[in-house]
Structures are given as structure tokens and as C-alpha cells.
Amino acid sequence: MQKYPMTPPCLKKLEKELKRLREFDRPANVKAIEEAREHGDLKENAEYKYAKEQQSLIAGRIEYIEDRISRAEVIDPSKLSGDKVVFGATVTLENLDTDQEVVYQIVGEDESDIDNGRLSISSPVARGLIGREVGDEVKIRTPSGAKRYEIVDLVYK
């Protein structure tokens, strides 16, 4: 069974979303379906069709979150250390082609947010960094072409 690495805040966020879906969204959706049924002919009832679509989306999201939580491998980056890049590391990179520095934290798929420097463990850049050390030069093939980086700093926080 495949495990999904995630940080403790991600697990809490998923648990909170699951609780909201179960305790608020799903009951509200059931009520919306009941109200739409009262309007008569279900074949041409847009409210009913929309509520049924929402029901499917909610059920799918609940199933997805339950699966992720059940297979979560929660890793607290603040308890990690070392000189190699692993899940949870915050890595400062210098793009050797543009001389620009970027800082990424390597996180799970459900918490990645590139605009905020949170890079998915399954991304090409993260996969290219895993196991490397400060000072290493890394060539990574990305969808926008090959990029060359040097690992400038590595911290766990």
C-alpha cells in the first residue's frame, strides 16, 4: 500500500475539511436534494441535477480525503536533520542560468503551493533534489526545459 508523506499541518487541514464535509456540506446537500424534489418533475429540474452533482463531488472528496488520511505518513520537518535533501527540507537553490535564488520546502502533494515556495515531493525539481547536498549542482528536466541549480542552503524547520 502506497503511503503519502505529509506534514502535521496538512494532516490537520485534511481532517478539518473532512469534518466540514461530513457535518455541514453533506447534510446541507441532502436538504437541497429534498427541496429540489418537492418542485416536481425531476427530468427538467436544474436545482435537482445541480444538487445531485454536488452530492457526487462531496462523496468523491470525502473518499479521497479518507484514503489520504488512512495512508498518511506524517513527517514533522522540525524533527529532522542532516545534510541531505529529504521530504520536509527547505532548500535554497541558485538557478545557474539566471543567477536567481529560490527557496522551496519539499512537501506532500496535498499541500504543495509553488507560489508560496511549497514544492510537491512528486515534482521533477523535488525528485531531482532528493538525496543531494549543499554545494551539489543539479540538472533537472522540467516541462519548461532543462534547468541547472546549485543547492546553496538546506534547513529543516
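The values are calculated or read from the model by the stated rules, or taken from the named source; none is laboratory data. Just so you know, these numbers come straight off a predicted model, no measurement behind them. Cβ atoms come from the backbone with ideal geometry, glycine included; neighbour counts cover every protein chain shown.
Name the residues in segment 54-98 that are part of a loop (DSSP other than H, G, I, E, B) and surrounded by fewer than 16 Cβ atoms within 10 Å (Cβ to Cβ), would you?
Arg71, Asp76, Leu80, Ser81, Gly82, Asp83, Leu96, Asp97, Thr98
Hey, can you tell me all the residues within segment 41-53 that are small (Gly, Ala, Ser) and surrounded by 11 or more Cβ atoms within 10 Å (Cβ to Cβ)?
Ala51
For segment 80-92, state whether one or more residues are in the same structural domain as Asn29 (by TED's automatic domain parsing) and within 15 Å of the chain's Cα centre (by Cα).
No: segment 80-92 contains no residue that is in the same structural domain as Asn29 (by TED's automatic domain parsing) and within 15 Å of the chain's Cα centre (by Cα).
Which one of these is of a type in the set (A, V, I, L, M), over 18 Å from Thr7 (Cβ atoms) and not in a loop (DSSP other than H, G, I, E, B): Ala146, Ala126?
Step by step, each of Ala146, Ala126 is checked, and only Ala146 is of a type in the set (A, V, I, L, M), over 18 Å from Thr7 (Cβ atoms) and not in a loop (DSSP other than H, G, I, E, B).
This table checks each residue for (1) out of contact with any Gly (no Cβ under 8 Å at 6 or more places or on another chain); (2) in contact (Cβ under 8 Å) with a residue 60 or more places away in the chain; (3) among the aromatic types (Phe, Trp, Tyr).
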residue	(1), (2), (3)
Ala51	yes, no, no
Pro77	no, yes, no
Ala126	yes, no, no
Ala146	yes, no, no
Asp153	yes, yes, no
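From the set of residues in segment 99-111 that are within 21 Å of the chain's Cα centre (by Cα) and not in a strand (DSSP E or B), which is surrounded by the fewest Cβ atoms within 10 Å (Cβ to Cβ)?
Glu109
Yes/no per residue for (1) more than 29 Å from Val134 (Cβ to Cβ); (2) within 26 Å of the chain's Cα centre (by Cα); (3) modelled with pLDDT of 95 or more:
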{"site": "Arg37", "(1), (2), (3)": "yes, no, no"}
{"site": "Ala51", "(1), (2), (3)": "yes, no, no"}
{"site": "Arg68", "(1), (2), (3)": "yes, yes, yes"}
{"site": "Pro77", "(1), (2), (3)": "no, yes, no"}
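Every residue, every condition in (1) of a type in the set (A, V, I, L, M); (2) within 30 Å of Lys12 (Cα to Cα), yes or no:
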| site | (1), (2) |
| --- | --- |
| Lys43 | no, no |
| Ala51 | yes, yes |
| Gln54 | no, yes |
| Gly60 | no, yes |
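Of all residues in segment 79-102, which are among the aliphatic types (A, V, I, L, M) and free of Cβ contacts under 8 Å to residues at least 40 places away in the same chain?
Val102
Got a sec? Which of Arg20, Arg26, Arg68 is outside the structural domain of Glu111 (by TED's automatic domain parsing) and in contact with a Phe, Trp or Tyr (Cβ under 9 Å, 6 or more places away or on another chain)?
Step by step, each of Arg20, Arg26, Arg68 is checked, and only Arg68 is outside the structural domain of Glu111 (by TED's automatic domain parsing) and in contact with a Phe, Trp or Tyr (Cβ under 9 Å, 6 or more places away or on another chain).
Take Leu119 and decide whether it is free of Cβ contacts under 8 Å to residues at least 60 places away in the same chain, farther than 30 Å from Ala32 by Cα and not small (Gly, Ala, Ser). Spell out how you get there, then give the answer.
Numbers: free of Cβ contacts under 8 Å to residues at least 60 places away in the same chain: yes; farther than 30 Å from Ala32 by Cα: yes; not small (Gly, Ala, Ser): yes.
Spelling it out, Leu119 is indeed free of Cβ contacts under 8 Å to residues at least 60 places away in the same chain, farther than 30 Å from Ala32 by Cα and not small (Gly, Ala, Ser).
Touching a residue at least 12 places away in the same chain (Cβ under 8 Å) and crowded, with 17+ Cβ neighbours inside 10 Å: does that describe Arg22?
no
Looking only at segment 115-157, how many residues end up being out of contact with any Pro (no Cβ under 8 Å at 6 or more places or on another chain) and either surrounded by 17 or more Cβ atoms within 10 Å (Cβ to Cβ) or farther than 17 Å from Gly88 by Cβ (or both)? Break it down into steps so the answer makes sense when it comes.
Going residue by residue through segment 115-157, those that are out of contact with any Pro (no Cβ under 8 Å at 6 or more places or on another chain) are 115-120, 122-123, 125-139, 144-155.
Still in the running and either surrounded by 17 or more Cβ atoms within 10 Å (Cβ to Cβ) or farther than 17 Å from Gly88 by Cβ (or both): 115, 118-120, 123, 125-126, 128-129, 132, 135-139, 144-152, 154.
Qualifying residue count for the region: 25.
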